[in-house]
Every structure is written in C-alpha cells, then in structure tokens.
Amino acid sequence: MKRVSTYNAVIFLAPLVALGVGGLLYLGQKTRLAHLKQDYENTQKEVAQVQAQLKQADRDFVLKRHPSEVQSKVEQGKFLDMLRQYASETGTEITRWANIGSANPAGGGSPPAANSSANGASGSKLPPDTLPVSSTIDIRGEYSKVRNFLYKLHLSPRLLTIQQARWTRGTKYPSTMASFSLVRYVRTPTEVEKRAEAQAKPITPPIDAKTEKTPLPTEHNHQNEEVKP
C-alpha cells in the first residue's frame, strides 16, 4: 500500500515539476529574447545614426580643388613646398625631382606643346590659357607611407596628373621606391593677378630649368639602391 502511495505521488508530482522547470526555462528564454530584441533595436538606431552622419559628412565634404595655378615666379616654389609637406607628413623621402617641361617664367625653358602627352593619355584639350608643367619625382619609403603620399597627391587642392608610375622594392626591407611623372597646370594671370604677383616674394629660390635633374635641397639621389622585385 505504501509503495502504491509513493508511486501515485511521483506520478502526480512529476508533471508539476516538469511544468515548473519548463515554465522557468520559458521565462528565461522570453527574457533573453526581450533583451536581444532591445539590443537589436538599439543597434538599428545606432546604425541609422551613423548612416545619417555619413550622409551629412558627404554633403559637408567639399574638396576645394582648383584645376590650375596662376603662372608666376612663386608657383614652382609653392609646388615644391607642397611636395615637401606631403613627404614630411607621410614619412617618405623625395630622392629626386626634375622639371621636364616648364611654363614658369622663373624656371625658363619652353612649355610643352598643346597636344603633348602632358595633356593626358586621352588627348583631351586644355583651355587656351592653360599649360601643363611636367616633373619627374622619385620617392622612397615603406609601402604604406608611399601609398599615403600618393593618396595625398590624389586629394591635393591642385589638379595633378600622375603618369608613367613605377613602384619597386628597395634593397633594405621594408623600403620601396616609386618614380612617376607628375603634371600640374598653370594658367595665364589676369591683370589683377599680375599686379599681385609683382608684389609677392618668392617662397623658394627659382630652379634653373637647364639643370634638368636638380634634386630638392637637402635631399640626395638614391637611384642606385633600387632593385627589381
């Protein structure tokens, strides 16, 4: 009789225990799902805020780029100062700079022809008052630093065209060497700009165009360190 009573009690209590355990598990999962849902909604709100900020940043970002610089005695000095600044900011070294064709009166020489390769590979024509000025540049540095230097040229306020680029590794890892032609554009100054240019002082001494491979001051030619990858 006692065994029957115990058996009946187990039969009666087992479903209750299972129901209680199931209820606890259900409440736990329900609470967990509620937290996950709340986290998902918060994440969606954060994503929407970030997307709105990115769209606003795109609207606010205006690259102030001018296609050409006024042809003057200080134009070349400003251009070289820009290259030095980019090299300093990216940790690269300009090992050689050469003025190939110059329309700058301070540089002398004859400007490239209107249909020359400096106008771009597509052969597009420049405005009648605009001339290309081509230079060759060799830079040295780690891969990421050289890439950042080229990226700065890409985002430069001046319109620049990179041609005939060649990128190799240096003799000492992780140094790399990059050489390319860089074309900038100058235009004929107006009368107002001529008067302003007459009162301006040169930023750097003009470089004689006859010295075709004049390196930047305080920099040296390291071409012998270049090897093929």
What is the packing order of peptides 35-41, 186-192, taking the mean over residues of other C-beta atoms within 10 Å and listing the highest first? 186-192, 35-41
Taking 0.36 nm per residue of separation between Asp81 and Val192 and subtracting their Cα-Cα distance, the length gained on full extension comes to 37.5 nm
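Mind scanning Lys55/Lys145; Lys78/Lys125; Lys55/Lys152; Lys73/Lys172; Lys64/Lys125; Lys152/Lys172 and naming the pairs with a C-alpha gap bigger than 31 Å? Each step should come with its number before you reach the end.
On the way: Lys55/Lys145 29 Å; Lys78/Lys125 25 Å; Lys55/Lys152 23 Å; Lys73/Lys172 39 Å; Lys64/Lys125 23 Å; Lys152/Lys172 25 Å.
Table pairs above 31 Å Cα-Cα are Lys73/Lys172.
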Label-to-label distance, nm, for residues given as Asp58 and Lys45 (7 Å Cα→Cβ offset): 2.5 nm
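Readers should treat all values here as calculations from the given coordinates under stated rules, not as data from a laboratory. All values derive from a computational prediction rather than experimental measurement. Note: ideal-geometry Cβ built from the backbone for every residue, glycine included; neighbour counts use all protein chains shown.
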